[in-house]
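For reference, the structure discussed in these notes is given below.
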4 protein chains.
Amino acid sequence: MAAPQQTYNVGILGATGTVGQRFITLLSTHPFLKIHTLGASERSAGKKYLVATKWKQSTPCHDSVKELSIKSCDPKHFSGCDIIFSGLDHDVAGPIETAFRQANFKVFTNAKNYRRDPLVPLLVPTANPTHINLLTTQQKTVKTDGFIVANSNCSTAGVVVPMAALQATYPGLVADVDVVTMQAISGAGYPGVSSMDILDNVVPFIGGEEDKIEWESGKILGHLRDGAIQHLDLDVTASCNRVAVLDGHLACITLRYSSSSASVPSESEITRCFNDFTPIVRGPALPSAPRRAIHVLDDQDRPQPRLDREIDGGYAVSVGRIRNLVDRAGSIRGVKFVCLVHNTVLGAAGMGILNAELAIQQGFIKPSLEGSRGNL
Amino acid sequence: MAAPQQTYNVGILGATGTVGQRFITLLSTHPFLKIHTLGASERSAGKKYLVATKWKQSTPCHDSVKELSIKSCDPKHFSGCDIIFSGLDHDVAGPIETAFRQANFKVFTNAKNYRRDPLVPLLVPTANPTHINLLTTQQKTVKTDGFIVANSNCSTAGVVVPMAALQATYPGLVADVDVVTMQAISGAGYPGVSSMDILDNVVPFIGGEEDKIEWESGKILGHLRDGAIQHLDLDVTASCNRVAVLDGHLACITLRYSSSSASVPSESEITRCFNDFTPIVRGPALPSAPRRAIHVLDDQDRPQPRLDREIDGGYAVSVGRIRNLVDRAGSIRGVKFVCLVHNTVLGAAGMGILNAELAIQQGFIKPSLEGSRGNL
Amino acid sequence: MAAPQQTYNVGILGATGTVGQRFITLLSTHPFLKIHTLGASERSAGKKYLVATKWKQSTPCHDSVKELSIKSCDPKHFSGCDIIFSGLDHDVAGPIETAFRQANFKVFTNAKNYRRDPLVPLLVPTANPTHINLLTTQQKTVKTDGFIVANSNCSTAGVVVPMAALQATYPGLVADVDVVTMQAISGAGYPGVSSMDILDNVVPFIGGEEDKIEWESGKILGHLRDGAIQHLDLDVTASCNRVAVLDGHLACITLRYSSSSASVPSESEITRCFNDFTPIVRGPALPSAPRRAIHVLDDQDRPQPRLDREIDGGYAVSVGRIRNLVDRAGSIRGVKFVCLVHNTVLGAAGMGILNAELAIQQGFIKPSLEGSRGNL
Amino acid sequence: MAAPQQTYNVGILGATGTVGQRFITLLSTHPFLKIHTLGASERSAGKKYLVATKWKQSTPCHDSVKELSIKSCDPKHFSGCDIIFSGLDHDVAGPIETAFRQANFKVFTNAKNYRRDPLVPLLVPTANPTHINLLTTQQKTVKTDGFIVANSNCSTAGVVVPMAALQATYPGLVADVDVVTMQAISGAGYPGVSSMDILDNVVPFIGGEEDKIEWESGKILGHLRDGAIQHLDLDVTASCNRVAVLDGHLACITLRYSSSSASVPSESEITRCFNDFTPIVRGPALPSAPRRAIHVLDDQDRPQPRLDREIDGGYAVSVGRIRNLVDRAGSIRGVKFVCLVHNTVLGAAGMGILNAELAIQQGFIKPSLEGSRGNL
C-alpha cells in the first residue's frame, strides 16, 4: 500500500515521562505522523516542554519539541490532533482515555487500564495485527467515532511475537510457556528504580508484571471471531527480575509441547519459522514496521540488550540460543530460547506508533480532510 | 561432636585466583584450619603472595598471608599440609590433583575435572553430606591414603540444596526442574568478564554451565548404595545468564511435580520443609556450617544478591517467592521460587572448607600427630 | 586510658535512613555503646524497626534491633539514653536537635544544620579532636547539660584528615586546595539517586556539596583559642561528581604550596607524615579509632572504593598516588594525591560514634550512674 | 567550499578493535568516504570481518562490511585506498604506519607513536586545524607523497578544544590547567577493563594518560611558525580515573589565570567565547564537523556522559558548570567547568575522519583520478 498522502497530527498524553520521551524521539523523524500537542499533568501544564521534563534519552530532544507549551490532558486542548498516544500512568490513564474516546479521538495507549476490556484490541502489531478489526465492534458498542487500542505490557511483547510465529506454523504445538525475564530499569520510568537497589544487584520481583504476561498472552494469541476475542488456551507462567540494564528486556523462554503432538519441529525449522514470520510488511504505509518481526541471531551468546536492542530500530524481537528441550530418555519435549525486546520501542512507544500506522493502513483513521480529527 | 583438639595445616593450590583469594579470606579466621602453604603457577612461584596476586576481595588480605612465598603446585612443597584446597583452573587441575592424591594428600577441589569420576564424591555439604562415605571406596580403589573430594559447580549448589530438602521430605515428588540463573561476574574469575560485556547488559550464555547444572544435580541428589552413587532420575534443564553483580548467583527455579503425586504440599509446607532442613549441624566440629542450610525470606522481593549473599556468612542458601505453579484449570502442577547462593563461598571456597570440616568430623582426616600429613 | 566501666545507652534519630542503618550496623558489636531507643518520623512511629525500614545494608540487620518499636523524635521517648546520634535529614534536624540539647541530651549529629554554629564543634575525630573542648563554651552559653557535636560533611572528612596531618608537620605549607570528588550513591540516602541517572553515567553536580567542603575545611582545620574557633586561612575549591559506586567517596586532591615556603617536603616525607599521623590513639576507650588515621597505599592504582573502603573498618582514610606537582620549569609547586573515605562510616555514622567515644574519654559524658542521662 | 566531486576509498588498519569498529560505524553513512579495505593482525587476515570481530557497538555492523575479507596490514593490500585510518595499538602501529607513508599513503592515526614527532601534526580539528599545514614540511622532509597525521589522546581532546577557544579570544590569560578525568571503559578497548575492576568502583589510575594530556596540550595549543610547531608555555597537570561508563570522558577542569592578567572575563563572556568558537565550518566539504565545536549546556548537572555524548554526533565537546574560581579575598583567580568528549568519536575515530575531511578540503589529498592513491 502506498504511503499516506497527507500527514496526521499527533497528541501525546504523559509526554514528560519515560514512554512519552520515547514517543517524541521516535516521532521526530516520522514521515507522516507529526507531533502537534503535548499533554501532561496539571503541574506541568503551561510550561515549555524541556523545562517541565527531565529528559533522559541518550539522544537530545528535538529542537521543534523543546519549546512546545505543555497542555493538561483535557480533550479540548487536542482538537487539532488526528491521533492520541497515551504514555500516562495507569493511576490516571483510565478516565482521561475514556474522555478522549468519548470526544471522538483515536487513542493508542500504553497504560494497562483498558487491556482487559473485551472491546479493546490488545494489539502487538507484529503478533496479532488482525485484532485491530475488533475496533468495529468497539465503535459500534460505545457509539463514538473514537476508539482505544491498547499496547501490551512490554515484557509480554517479547513472549507473544515468537509464540505467534509458532502458532501460525504449528498451531496447537505448544502447551506450556515458562518465561523468566531480566528487565531494564527504564521499564519502571523515572526516577523509578533506586540506584541503591540495582547496582551490584538483581531484584527478583516486579509488581504485577508476572500476572500481566500470563494473562495478556492468552488474549493476544487468541482469535477474533464474531466480533470478539477468544483467548488461547495456554499455560503461561512468568518470573520477572529487574537487572542493571537501561533498555531492553531479555527473557529465557521454555516451551513445552502438547503431549498430543505427533511430530515436533527441528531447531532449524523453528529458526526458519521465526525468521520467516511476516504478519505485517514494512513499506511506505508501515514505515516503522521492522524488516523482520523476529531476527534469529546465530552467535551462541546473543541476543544481548546493549548490543541488539536497536536491531530494526527497536521494532523487532531478537531471538537466540534455540535448542530442544530433551528429557533424560532422549525425547524432545519442547524448545528453549532467549528473546530480547526493546521495552520502550516495540515494548511501549514504538508499539503505539506501529499500531497507529496499522490503523491508518486499515482505514480506521481517515485523512483529516475528511474530518476525522477529534472535535468537541 | 567436640571441636578438633589440634589444628590442621592447609595448602591452597591456585591461591592467587578468585577462588584462592576467597579461601584465604575465609580461612584467616578459621578456628582449626591454618594456612600453611600457598601454591600457584610457575610464573608466580618464588614471589611473595601479595606481589604475585591482584587482590580483588573487598576486605584486605590478612597480614600473615601477604608475605608468604608462593610455591609451584608440586606435592613436595606441601609436605607440612594435612589438607589441600584446590582453586586451580580445570585446564591444569587434573594431573596436579592426581599427583597430590597419589602423594597421600587429602584434596578438596573446586575444579570440574573429577566431578564425574564415579569414585569421587561430588559433595555439597548442606545437600548430600553422606556421600562423603564414597571415600572409602575411592581409597580402596586407588590404593592411597590420599583422596579427592569435588565441589559442585557454583550454580548447581543453589539448585541442589532446596532440591535435597524436598527429596528428604517428599521423595519422588519432583519430576522436572527448570532453572534460569543470573550469575555474578566473580564466577568467571579475574580478569574474567570484560566490563564492555556486562555494563548496561546481560550475557545469556556461560560456556558449559548449563550442562554442569543438569548433570551434577543427578549425581548429588543420588543415593550412595553398595559403595557407588546411583544418580537420581530427574529432568533438569538450565539457562544461564551473566549479570552485573559482583558476588551471588540468583536462580529462578520451577519444579514440576510428578504426575503420579497423589497429594502435593502447600506453599507453607514447602516453606517449613526448607527452613527445617538440617543435613549437618553447626557446632565446634563444623564451625563453618550455616545455622540453617536454607533461609526462607518473607519479603516478596527477596533474596537479592547484594543484600542477602552474606547471610550465615555466605554458607546458606536463601530462598524467596515460594508460590504454586497452577495451571489454567486451577490444579497445582509444581512450585516456583527464587534461590540465591554466594558463588565463591558456598559455591566454591566455602564448600571446600565445609567439606574438609565434614571429612575431619567423619574421621577421614586423622590428626597430624598420627601421621596423616601427606608425605613423599 | 582504660575502657569505660559501664555501658552507655544510645538513642538513634533518623534510624530508618541510610545513616541510621549504618549506625545500627556499627553499634551492634560495640563494646560499650548499646542501642536503646530508635527514633524516626511520625509515619514510622509505633512500627517495629524492620517493618518500617527498607534495610539496604549488605549485612543483615541485627536480631535484637529488628523488633524494637520505633519512637517519634521527641525527647520524652529517649529518657533512658545517655547519648543521642542523629542521622536526621537537615530539613527536620534543626529544631529536633535543639529540643534534645535543651532536654540535657548529648547529641552527635550528622546533619548540616549546626555545623556553622560557632558554639558547635565541627568534629572529625582523626583530624581535629581537640575542638571537642569547644563544648565547654557551648554548655556555658546555652546553659544546659546537653550539647551538640556536629559531624562534618562526608566528603569533607576525606579532605581534612590528610590536610590536618600536613598542617601538624608543615604548618602554613599549603595555600590552595583543589578537590575533585567521585562520590558514592549511598551519600544521597534511599531511594536517593535514580538508577536511570547513574548507570553508564556520571553526574557532575551534587547540590550544596562543594560549598560544604570549601567552608567546613576552614573551620575544622582552624584553632580553638579562647573558647572559639579561628578558621584557617586557606583557599579550598571543590568539584563534586556522583558515580556508580555504593560506598566510598574518592577524591583527587591537588595542594599548592604557599609561595613563601622556603623548602618543601619530598614525596616520601609526605608519605611518612600521613602514615605517622596519630591525632587519637586506638584503645579500650576509643575502640572505633582506626589503627592509623591515614593509610598510604603503595600500588599506583589505589585506593579504590570497592577494595579499600573497609580498611580499618571504614574509620581510616586511604591515600595513594602521592606525587609532586611540578611546573614546566621543574620547580615543585605542590603535591597531588588520591584519597578515599568511607562515606557512611568515617564520613557519617562512624564519625558520630568515634566522636562519642572521644567525648566519653574526655569527660564530657559522665557515667549514667552519676545522672548524666537526659531527663525531662 | 563545495562537497568533493568524487568519493575517496578508505582503508582501516586495526579494523577489528574498538576504534576500528567506531570507524566502520561512522563511515557507513559518510557521503564521500567509502570503506574499501579492512586490515588487522595476521591472525584475523583472510577471515570475514564479522567472523574475526567481537562487535561491541550498540548499533549493528553494516551489512556491506560484514562480509569483507580482512587483510594483513601490509601496504600492498591497500592499493585501492586514498586514505588510511589507523586504529592500531601502539605496540604495532609505529613500523606499519611508517611503511604506509613510505608507500605514499595518507595516514590518519589514532596511535600515540607519532604524536611527539615534530614533523607530524597533532591535529584536533576543532582546536588547531591550521596545524595541518605542517604536512608541507613533513612531505618535504620525508620525501614521499604520503604523510601521517596524528590524533590526540582522547582525553586531551576534551581539554584542548575549550582551551583553544580561550586562547583565541583571550591569549595568554590562562597560566595553569588542572584536569581531573573520569574516563569511559571503551577507552581501554576490548576486553580492556575487567568488570571486577569497575563494577561498584573507580580506578584512580590510567597508565600513561596523565602524561599524554600534559604533554600533548602544549603541542596542540602551540603555533605553527616557519614550518614547525612552537609549543605553548602552559602548566597542565592531570589526574585520570576510570569509571563505569561505556562511552564519554568527563573532565573537571580548573584554569588559573596568569597573574599578569589585567582584567578577566566574566562567566557569561566565557560562555559566549565557547559557544561562538568556530575553528572549522560544517558544510559539504566537512560533513562531520559539529555545528558548534563546543556546546555550553545550561543545566547545572550537565554534561553527563550518557545524556550528552551524542550531541552533534559525538563530534562536539559539551561544557557545563562554568563558574569563577574565587579566592577567599573575593578575587577571581580563574575559572572552573566540566567538559565531556565522546572518546571514540571526537576522541578517536571521529577525529581521524574529520582530520581527513580537512586534509581533502585543504588540498592535501587529491582526487584519485589525479593519481593520489597509494601505489607500490
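No lab work stands behind these numbers, since they all come straight from the coordinates. Source: prediction; values computed, not measured. Here the Cβ is made from the backbone with ideal geometry for all residues, glycine too, and neighbour counts use every protein chain on show.
Could you give, in nm with one decimal, how far C:Arg116 is from each other copy of that position, shortest first, with labels 7 Å out from Cα toward Cβ?
4.9, 5.5, 7.1
Each residue of the range A:240-256 in order: what ³J(HN,Hα) in whole Hz does its phi give by Karplus 6.51 cos²θ - 1.76 cosθ + 1.60, θ = phi - 60°, with x for Gly and Pro?
For the range A:240-256, the Karplus curve yields 10, 10, 9, 10, 7, 10, 6, 9, x, 8, 9, 9, 9, 10, 10, 10, 10 Hz.
Could you give the angle, 0 to 90 degrees to the nearest 10, between helix B:267-276's Cα long axis and the longest principal axis of the Cα atoms of chain B?
Once rounded, the angle reads 20 degrees.
Hey, with R₀ at 41 Å, roughly what FRET efficiency would C:Ser266 and D:Arg272 work out to, going by the Cβ-Cβ distance, to 0.05? All intermediate terms of the calculation are to be shown ahead of the outcome.
Working: r = 45 Å, r/R0 = 1.09.
Between C:Ser266 and D:Arg272 the formula returns 0.35.
If the cut-off is 23 Å between C-alpha atoms, which lysines fall inside it for D:Lys66, apart from same-chain ones fewer than 8 positions away?
D:Lys34, D:Lys47, D:Lys48, D:Lys54, D:Lys56, D:Lys76
Once Rh for the range A:1-139 is found with the Kirkwood sum over Cα pairs, what is the Stokes-Einstein diffusion coefficient at 25 °C and 0.890 mPa s, in µm²/s? Show your work: numbers first, answer last.
On the way: Rh = 15.6 Å.
It comes out at roughly 157 µm²/s.
Calculate the all-directions average of the projected area of the range A:84-135's alpha-carbon convex hull, and give it in nm².
3.6 nm²
Percent of Cα-Cα pairs per 5 Å bin, from 0 to the last occupied bin, for the range A:154-342, please list those.
It works out to 1, 8, 15, 19, 20, 17, 11, 6, 2, 1, 0, in whole percents.
Starting from a label point 7 Å past Cα on the Cβ side, list the distances from A:Glu267 to the same position in the other copies, nm, shortest first.
Ordered by distance, the counterparts are at 3.7, 5.6, 6.2 nm.
Could you please report the charge total around B:Thr144, scoring K, R as +1 and D, E as -1 over all other residues with beta-carbon less than 13 angstrom from its beta-carbon?
+2
Using a label point 7 Å beyond Cα on the Cα-Cβ vector, give me the inter-copy distances for C:Ala228 in nanometres, one decimal, shortest first.
For C:Ala228, the inter-copy label distances come out at 6.2, 8.7, 9.3 nm.
Out of every Cα-Cα pair in the protein assembly as shown, what percent are more than 48 Å apart?
Percent of Cα pairs beyond 48 Å in the protein assembly as shown: 43.
For the modelled label position 7 Å from the Cα of B:Ser28 along Cα-to-Cβ, which residues of the range B:40-60 have backbone nitrogen atoms closer than 12 Å?
It comes to B:50, B:55-60, nothing else.
Charges at C-beta only: +1 for Lys and Arg, -1 for Asp and Glu. How large is the resulting dipole of the protein assembly as shown about its Cα centre, in Debye rounded to 20? Intermediate results must be reported in sequence, preceding the final value.
On the way: 144 positive and 140 negative charges, 1 e Å.
Here the size comes out at about 0 debye.
With respect to the symmetry axis carrying chain D onto chain B, which residue of chain D exhibits the smallest Cβ distance to that axis, and what is the value in whole Å?
Chain D residue with minimal Cβ-axis distance: D:Ser195, 2.
Could you check the spin-label model distance between B:Gln6 and D:Asp226? Points 7 Å from the Cα along Cα→Cβ, value in nm.
8.6 nm
May I ask you to derive the FRET efficiency for B:Ser259 and A:Asp117 from their Cβ-Cβ distance with R0 = 25 Å, giving the value to the nearest 0.05?
In this case the efficiency is close to 0.10.
Expressed as a whole number of Å, what is the distance separating the alpha-carbon centroids of the range A:236-307 and the range C:288-353?
50 Å
Students often forget the sequence filter, so: which aspartates and glutamates lie under 16 Å Cα-Cα from B:Lys71 once same-chain residues fewer than 8 apart are removed?
B:Glu42, B:Glu97
Cα centroid distance between the range A:115-191 and the range C:40-65, in Å?
Between the Cα centres of the range A:115-191 and the range C:40-65 lies a distance of 41 Å.
Just the number, please: percent antiparallel of the DSSP beta bridges in chain D, rounded to the nearest 5.
Values: 29 of 60 bridges.
Of those bridges, close to 50 percent are antiparallel.
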